[in-house]
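Below is one structure, written out as structure tokens; comments come after it.
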Amino acid sequence: MRLVFATHNAGKLREVKELIGHKYKVIGLSDLGDHEDIPENEPNLEGNALFKARVIWNKYGTPCFSDDTGLEVDALNGAPGVISARYAGEARDPQANMDKILSALEFEKKRTAQFRTAIALILDGKEHVFEGIVKGTIATQRQGVKGFGYDPIFIPEGHNRSFAQMDNAEKNSMSHRGRAISKLVDFLI
Ligand code: IMP
């Protein structure tokens, strides 16, 4: 069965294809020649994931899913959360985003945080939402150069290296997105 993943991000598409395996043929929006940038204006991750999946369902009537992720820092009352990509401004600059978190926590002892991913699937017109969480702490400075986004400042629980010091396979084995995708796969198979 063909499943459309509502993303233009080639890296995410590759990661998800690896996790889902061969039973489903996962294709991205670019594979459909669709370059629409779907807005993420909802008040929470689930809302954004559902909105994006509904746009694709309404357009193509084909089974589809989408995801939205946020970094939730306890000492910042869950911020940046749903605005993680734009935390330091519309430029969506990961370096500026990390600097903003590091300064906000400069004198903070409580550094716990979590990454949370919501995945929305629409199959036969029915909506399903899956959540994946990884808990951890915010480092006092960047560590490592792998990964993307907030990876250099996020140290998953039970480890002393950041996500940016792990290779993809190690990160995916415990990551928010990996966990949400596992739930999606368990549901589909
Ligand atoms: P999106 O929902 O994947 O677009 O991600 C929203 C924001 O969270 C962006 O700023 C991403 O860089 C960041 N983000 C998402 N997933 C990860 C991750 O696995 N590691 C680090 N940052 C991430």
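The values are calculated or read from the model by the stated rules, or taken from the named source; none is laboratory data. Note that the structure is predicted; figures quoted are calculated from it, not measured. All Cβ positions, glycine included, derive from the backbone under ideal geometry; neighbour counts span all protein chains shown.
Looking across region 47-69, the residues that are within 12 Å of the ligand (Cβ to nearest atom), closer than 20 Å to VAL185 by Cβ and not basic (Lys, Arg) come down to ALA49, SER66, ASP67, ASP68, THR69.
Could you list, ordered by first residue, the pairs with Cβ atoms under 7 Å in which the first is in region 62-78 and without any contact (Cβ under 8 Å) to a residue 40 or more places away in the chain and the second is acidic (Asp, Glu) and away from the ligand (no atom under 13 Å from the Cβ), at least 6 apart or interchain? So the pair list comes out as ALA75/GLU108. Restricting region 43-71 to residues that are under 9 Å from ALA118 (Cα atoms) and of a type in the set (D, E, K, R) leaves a set whose member that is surrounded by the fewest Cβ atoms within 10 Å (Cβ to Cβ) is GLU46. Listed by position, the strands (runs of 3 or more DSSP E) enclosed by region 70-189 that each have at least 2 residues that are modelled with pLDDT of 95 or more, in contact with a Pro (Cβ under 6 Å, 6 or more places away or on another chain) and within 12 Å of the ligand (Cβ to nearest atom) are 126-138. Scanning region 13-42 for residues that are surrounded by 17 or more Cβ atoms within 10 Å (Cβ to Cβ) and within 15 Å of the ligand (Cβ to nearest atom) returns LEU13, GLU15, VAL16, GLY28, LEU29, ILE38, GLU40. Among the candidates GLU36, GLU46, GLU18, the residue that is out of contact with any His (no Cβ under 6 Å at 6 or more places or on another chain) and under 22 Å from LYS126 (Cα atoms) is uniquely GLU46.
Once region 33-69 is narrowed to residues that are among the hydroxyl-bearing types (Ser, Thr, Tyr) and assigned to a strand (DSSP E or B), the residue that is nearest to the chain's Cα centre (by Cα) is THR69.
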